[in-house]
Structure formats: C-alpha cells, structure tokens
Amino acid sequence: RFYCDYCDTYLTHDSPSVRKTHCSGRKHKENVKDYYQKWMEEQAQSLIDKTTAAFQQGKIPPTPFSAPPPAGAMIPAPPSIPGPPRPGMMPAPHMGGPPMMPMMGPPPPGMMPVGP
C-alpha cells in the first residue's frame, strides 16, 4: 500500500500506474499546491518575525530612505523619467502623443496587443 502525504490517504494498490493516475489527479494537485503555499507563507512569516525582532533589538539600522535627504543633496532621476537629455545621449523623438509605457500582463478584454 502506498501512502500519499499530500492527500493523507492510502492508495488501494501500489503499482506505478495507480501512483501515476493518483498523482495526475485534480485533488492531488490541489493538495500539493496548498501544501507548498502554506509552507511558503510559514517561511515568509518566520522571516518577517526574525527581521522584526532584530530591528527591535537594534541589530538592523534604519534604512537610508527613512530619513529625508540632507539639504542640497541631488538625487538623479531614473532613466525612464523624461527630462533634459543627459550628456552623450540623443533626445528621444516625440510622436505627438504621450510616451507609451510597456504593458505588464495580458491586455484588458477587448484590446488587441500592438506589434512593432
């Protein structure tokens, strides 16, 4: 007899075909997904708890982003933000409309993706 830890059940026969059939089943796959989802959540919570405890004990200094920058400090803009051209760079040609941002994920229903 074969015991499946994910499904908490015994298979009636222990043969490769029975195991393969069981492991390709919907319920088994859901149980495996749930098991690893819970494991990942526990790992993340453990890391959060350890980090919080270390911060409260003063072992982790505050981040440099938690305080305002000193007076007169210049923070360079990321390259994706439009502005005056930097030395050695050609200004981007404008097509008469707002700049296109790259799409993340599938397009909304009813919209067709535009190719190059």
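Which one is nearest to T63 (Cα to Cα) among residues in region 1-38 that are open to solvent by 100 Å² or more (accessible area, probe 1.4 Å) and acidic (D, E)?
This residue is D5.
Are any of the residues in region 39-49 open to solvent by 90 Å² or more (accessible area, probe 1.4 Å) and either basic (K, R) or not in a helix (DSSP H, G or I) (or both)?
no
The values are calculated or read from the model by the stated rules, or taken from the named source; none is laboratory data. All values reported here derive from a predicted model rather than from experimental measurement. Note: areas computed on protein heavy atoms with side chains; ligands, DNA, RNA excluded. Shrake-Rupley method; radii C 1.70, N 1.55, O 1.52, S 1.80 Å.
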